[in-house]
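To keep things clear, I will list the structure first and then write my remarks on it.
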Amino acid sequence: MIAQAIQTGYFPMGESFDDPEIWMYSTEVRCLLPIEGIHVSRSLERTLRKGPYQIRFDTAFEEVMRSCVRPTGNWITLDLIRVYTEIHRAGWGHSVECWLNDRLVGGAYGVAIGGLFSAESMFHRETDASKVAIWALVNRCRALGFTLFDSQFSNDHTLSLGAYEIPKREYMKQLRAALELDTPWSLPGSPSKRRVV
């Protein structure tokens, strides 16, 4: 269900953590992060230069997802955590983590289909940890051959990283092209190439 929704331009959201209802949304504008690299501000550049965080991929997927649950305005549900953890085990759900002294202090997660990486949420417990995570994730996706990095909605945080909006029609055009690709992280996007999950 999640793969089919994403391939047709939708994404899942819940109403509250304990509510099993999951809704599929498609917006008239879509927010993307530039696959060629996010905007690195002076403060983020200083953080990257100091290198306080150890960056890892796919070592704490469920913990990252649970860390993204917010006290208010939360759309991640217990059922979504179960589903996305299964997607991670199947090989096309991925997390990036920032660790400080073996403590998880920031991260992001999402799913990969064809040449699309659909980022779902991020969190931080230390300064710039979520920005470092997104910086590392975009760079890894570019290196793996992704052409489209979807962040769904824009906000002040994503806009500060260079996010931009495009109309739904243009998003669907780019999505169709991305789904023809394969990467080592992805569920193949083209139905004719898709393996059973």
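The values are calculated or read from the model by the stated rules, or taken from the named source; none is laboratory data. All values derive from a computational prediction rather than experimental measurement. As a convention, Cβ positions derive from the backbone with ideal geometry for all residues, glycine included, and neighbour counts pool all protein chains shown.
Note on the stretch 155-188: among residues that are part of a loop (DSSP other than H, G, I, E, B) and polar (S, T, N, Q), the one that is modelled with the lowest pLDDT is 155. Only one of the listed residues (79, 18) is in contact with a helix residue (DSSP H, G or I) (Cβ under 9 Å, 6 or more places away or on another chain), in contact (Cβ under 8 Å) with a residue 40 or more places away in the chain and not aliphatic (A, V, I, L, M). That residue is 18. For the stretch 47-76, the set of residues classified as outside any helix (DSSP H, G or I) and either free of Cβ contacts under 8 Å to residues at least 24 places away in the same chain or of a type in the set (Phe, Trp, Tyr) (or both) consists of 51, 53, 57, 70, 71, 72, 73, 75, listed by residue number. The condition (being over 28 Å from residue 128 (Cα atoms), under 18 Å from the mean Cα position of the chain (by Cα) and surrounded by 15 or more Cβ atoms within 10 Å (Cβ to Cβ)) is satisfied by just one residue among 6, 76, 35: 6.
Report yes if residue 179 is touching a strand residue (DSSP E or B) at 6+ places or on another chain (Cβ under 7 Å) and either touching a residue at least 60 places away in the same chain (Cβ under 8 Å) or surrounded by fewer than 23 Cβ atoms within 10 Å (Cβ to Cβ) (or both), otherwise no. Against the criterion (touching a strand residue (DSSP E or B) at 6+ places or on another chain (Cβ under 7 Å) and either touching a residue at least 60 places away in the same chain (Cβ under 8 Å) or surrounded by fewer than 23 Cβ atoms within 10 Å (Cβ to Cβ) (or both)), residue 179 qualifies. Within the stretch 79-106, being assigned to a loop (DSSP other than H, G, I, E, B), surrounded by 14 or more Cβ atoms within 10 Å (Cβ to Cβ) and not small (Gly, Ala, Ser) holds for one residue alone: 92.
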